[in-house]
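Each remark here refers to the structure printed beneath this line.
Derivation of every value follows stated rules applied to the coordinates shown; laboratory data play no part. It should be emphasised that the depicted structure is a prediction, and the values quoted were computed from it without experimental measurement. Cβ sites come from the backbone with ideal geometry, for glycine too, and all protein chains shown count toward neighbours.
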Amino acid sequence: MAEEMEVPTEHLQETIKEAAEESNNRWILMVALTAALLAVLAAVASLLASYHVNEAMIEQLKASDQWAYYQAKGIKHEVLESKIELLKNLDKKISFQDQSKLTEYDKQQKEIELIAREAEISSSGHMEIHHILAKSVTLFQIAIAVSAIAVLTRKKWMWYGSIILGLGGILFLLQGII
């Protein structure tokens, strides 16, 4: 009888297992790097969103201050106008200074109103950018969570999904920057 040749399958199985583990480890490394990159982008988007919400609040405070100043000028205008009306009813002479002050208050109110409206528009603009960047942060955070789930479940399609979510976050980030 011819002797059968014995193939060392144990060594072959170990080599295959090591190659699979190495491939799996590379994939996990790629997912980890993706998650780290997403975390950096989320941090940047979060800082920008915070900046814009702070600027919106500052601009809104400036607008409120200007509207209070506008009202103060309006009160001065009304008091002076009442004085002039009273003097007219008493057939008294109205000073040129009072008349010019009344015109000055009108002019000042128009200027103050313009500044207040500009501050309100600026505040609204910053809030719009904040909302866009907040969407970016949200997508980045979801993408990071999906990456973690991909590693735990060993599902590559979930990792690809996290990459797609991350790309959506990048689009919102770019929109917020531009």
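Summary of computed values
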| read-out | value |
| --- | --- |
| Selected from 68, 103, 148, residue furthest toward positive end of dipole (segment 68-168; charges at beta carbon) | 148 |
| For segment 65-133, radius of gyration divided by Kirkwood radius, i.e. Rg to Rh on alpha-carbons | 1.28 |
| (i) 56, 30, 25; (ii) 143, 22, 17; (iii) 66, 39, 37, with the label sought being that of the calculated Cα extents along the principal axes in Å | (ii) |
| Note, ³J(HN,Hα) from phi for segment 94-103, Karplus 6.51, -1.76, 1.60, rounded to Hz, x at Gly and Pro | 9, 6, 5, 4, 5, 5, 6, 5, 4, 5 |
| Centroid-to-centroid separation of segment 100-177 and segment 22-94 [C-alpha atoms, Å] | 14 |
| Computed lengthening from residue 32 to residue 72, 0.36 nm per intervening residue step minus Cα-Cα distance | 8.4 nm |
| Fully extended contour minus Cα-Cα distance, from residue 25 to residue 124, at 0.36 nm per residue | 30.8 nm |
| Under the Karplus curve 6.51 cos²θ - 1.76 cosθ + 1.60, θ = phi - 60°, whole-Hz ³J(HN,Hα) for segment 51-60, x wherever Gly or Pro sits | 4, 5, 5, 5, 5, 4, 5, 4, 5, 5 |
| FRET efficiency estimate (nearest 0.05) - Cβ-Cβ, residue 149 to residue 43, R0 25 angstrom | 0.75 |
| Cross-link table 76/107; 76/110; 135/155; 62/101; 83/110, entries beyond 24 Å C-alpha to C-alpha | 135/155; 62/101 |
| With at most 15 other Cβ atoms within 10 Å, longest stretch of the chain clear of loop GluC sites (Glu not before Pro) (DSSP) | 7-178 |
| Charge context of residue 87, other residues only, Cβ under 10 angstrom, K/R +1, D/E -1 | +1 |
| Formal net charge of residues neighbouring residue 125 (Cβ-Cβ distance under 14 Å; K, R +1; D, E -1) | -3 |
| Residue-averaged 222 nm ellipticity for the chain, from DSSP H runs of 4+ at -39500 (n - 2.57), nearest 500 | -34000 deg cm²/dmol |
